[in-house]
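Q: Dropping the structure in here first, questions after.
The values are calculated or read from the model by the stated rules, or taken from the named source; none is laboratory data. Predicted model, so just to flag it, every value in this text is computed and none were measured. Backbone-built Cβ (ideal geometry, glycine too); neighbour counts: all protein chains shown. When the accessible area is computed, the model is the full protein with side chains, heavy atoms only, and any ligands, DNA or RNA have been set aside. Shrake-Rupley method; radii C 1.70, N 1.55, O 1.52, S 1.80 Å.
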Amino acid sequence: MHSRRSFLQHSLLAASAAGFSLNSLAKAAESSAVPQSSRILVGFGAGGGIDLLARVLAENIAAQLGKNHYVVVDNKPGANGQIAAQTLLNAPSDGGTYLIAPLITPVLSQIVYKKPGYDPARDFSPVGLLAHFQFGLAVPAKHPARNIQEYVAWLKANPEKANFGSPAVGSLPHFFGLLLGEAAGVNIVHVPYKGGPAMTTDLISGQLASAIQTTSELAPLHKEGKVRILGTFGSQRGRELPDVPTFAEAGYPKATGSGWYSLWARKGTSPEAIATVNRAVNHALLDPKLQPKWAELSLQPDPRTPQALEQLRVAEIAKWRPVIANSGFAIE
């Protein structure tokens, strides 16, 4: 498996060969259906990771598309991103409106909501994958388990205490807990919270046996000795936690996955507009000057074509549907 550095170097060379230059992008914008003014919808409040990603991309894309072009970030928080998705659904397909979405919008919403209100395959057009981010499982600092194997053994020996917290019901950490329980052959009771801070407080105090959260949130607590991260769900070790093994390394390859952000347009948006924005986004993701920013946001850029994003969406639905269905979880 290539290292992240070699992957980035290879991608930069590929991008250069493909002609991802500012001049070519500006010319493409002139001949495409991308309006002079466009917006990126974000289904969460200002200041969070996805919002910061959107703002960096908006500024970079605008610069690439020409001095008269500007891109604004339009926050539409609420309902776990559903309000922003509905806004895109009702937007004109003129190439001027895009949605940055976490995995829940194009994938999990189609599984957990009985009436999600939109169908990505029918209503949206993929523009490109943006970046991955990782999740980990942590226990209190005084927990007896020192590694993943000891944790699973502890779960089996203490079924009445076997629980894990997540920041919200129906969140990706919730479903990673289900995935882990299925992979390890144990029942771990889900304890949902209304946000990460309350969950973290209970985890540190020992009131919660374990918790699943992004590694960017858990890593500082782990390094301070307040919690102990036993494993991560990524296909390879996270750059914030190079000494923490993945669940696959520990013998649970089915407990593997990551969160990711992607970009979508309203169905009917011209292929020219989508191609132009895809090129601009990919250029930003691979820009050496922006790599420190992506690292600061704990993101691993993964630029792909619109077709590759759709293939990933379909594969993720196939992965998560049986896990969620077996749990009986659903949202009206």
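Q: Could the peptides 258-264, 150-156 be put in order, highest first, of the mean number of other beta-carbon atoms found within 10 Å of their residues?
A: Details: 258-264: 23.3, 150-156: 18.9.
The most tightly packed comes first, giving 258-264, 150-156.
Q: Taking only Cα atoms of the range 171-290, what ratio of Rg to Rh do you get with Rh as the Kirkwood inverse-distance radius? Display every interim value, and only then the final one.
A: Working: Rg = 18.2 Å, Rh = 16.9 Å.
Result: Rg/Rh = 1.08.
Q: Order these peptides, 309-321, 130-142, 204-216, by their mean beta-carbon neighbour count within 10 angstrom, highest first.
A: Details: 309-321: 16.6, 130-142: 22.2, 204-216: 20.5.
Packing proxy ranking, top to bottom: 130-142, 204-216, 309-321.
Q: Which value in Å is the Kirkwood Rh of the chain over different Cα pairs?
A: About 20.7 Å for the chain.
Q: Divide by every residue of the chain the summed helix terms, -39500 (n - 2.57) for each DSSP H run of at least 4, and state the resulting mean residue ellipticity at 222 nm, rounded to the nearest 500 deg cm²/dmol. Could you put the intermediate results ahead of the total?
A: Numbers: 13 runs with 143 residues, N = 332.
Counting only the DSSP helices, I get -13000 deg cm²/dmol.
Q: How charged is the neighbourhood of L137? Take every other residue with its Cβ under 13 Å from the Cβ of L137, and add Lys/Arg as +1 and Asp/Glu as -1. Don't skip to the end; give the middle numbers.
A: Values: positive: R228; negative: E150, E217.
Summing Lys/Arg as +1 and Asp/Glu as -1 gives -1.
Q: Can you compute the equivalent ellipsoid semi-axes for the range 125-180, i.e. the square root of 5 times each eigenvalue of the Cα gyration tensor, sorted largest first and rounded to whole Å?
A: Working: eigenvalues 172, 34, 20 Å².
Working through the eigenvalues yields semi-axes of 29, 13, 10 Å.
Q: While we're here: Taking every DSSP beta bridge that has both residues in the chain, what percent is antiparallel when rounded to the nearest 5? Intermediate values should be presented prior to the final figure.
A: Working: 24 of 41 bridges.
Antiparallel bridges make up about 60 percent of those DSSP assigns within the chain.
Q: Say each of D243 and L89 gets a label point 7 Å from the Cα, pointing the same way as Cα to Cβ; how far apart are those two points in nm?
A: Computed distance between label sites D243 and L89 equals 4.8 nm.
Q: Which peptide among 93-105, 39-51 comes first, and what is the full order, when sorted by highest mean count of other Cβ atoms within 10 Å?
A: By packing density, highest mean first, the sequence is 93-105, 39-51.
Q: What's the tally of Lys pairs in the range 42-161 whose alpha-carbon atoms lie under 25 angstrom apart, where the two lysines are 8 or more places apart or on different chains? List each step's numbers first, then the result.
A: Values: K76/K114; K76/K115; K142/K156; K142/K161.
Final tally of qualifying lysine pairs is 4.
Q: Which percent of the accessible area of the chain is formed by carbon and sulfur heavy atoms (probe 1.4 angstrom)? Could the numbers behind the result be given before it?
A: Working: 7970 of 14580 Å².
Taking all protein chains in place, the chain shows 55 percent carbon and sulfur surface.
Q: Report, by chain and number, residues whose modeled amide H sits under 5 Å from the one on Y113, excluding near sequence neighbours (fewer than 5 apart, same chain).
A: When sequence neighbours closer than 5 places are left aside, the close amide H contacts are I331.
Q: Using every alpha carbon pair in the range 215-267, what percent of pairs falls into each 5 Å bin from 0 up to the bin containing the largest distance?
A: Histogram of Cα-Cα distances, whole percents per bin: 4, 19, 25, 19, 13, 8, 5, 4, 2, 0.
Q: Follow-up question, since we're still on this one. So what's the Cα pair-distance distribution over the range 49-162, bin width 5 Å, in %?
A: Answer for the range 49-162: a P(r) of 2, 9, 15, 16, 13, 10, 9, 8, 8, 5, 3, 1, 0 percent.
Q: Taking the solvent-accessible surface of protein heavy atoms with a 1.4 Å probe, what is the per residue accessible area of the chain in Å²? Kindly include the intermediate steps, with their values, before the conclusion.
A: On the way: 14580 Å² over 332 residues.
About 44 Å² of surface per residue is accessible.
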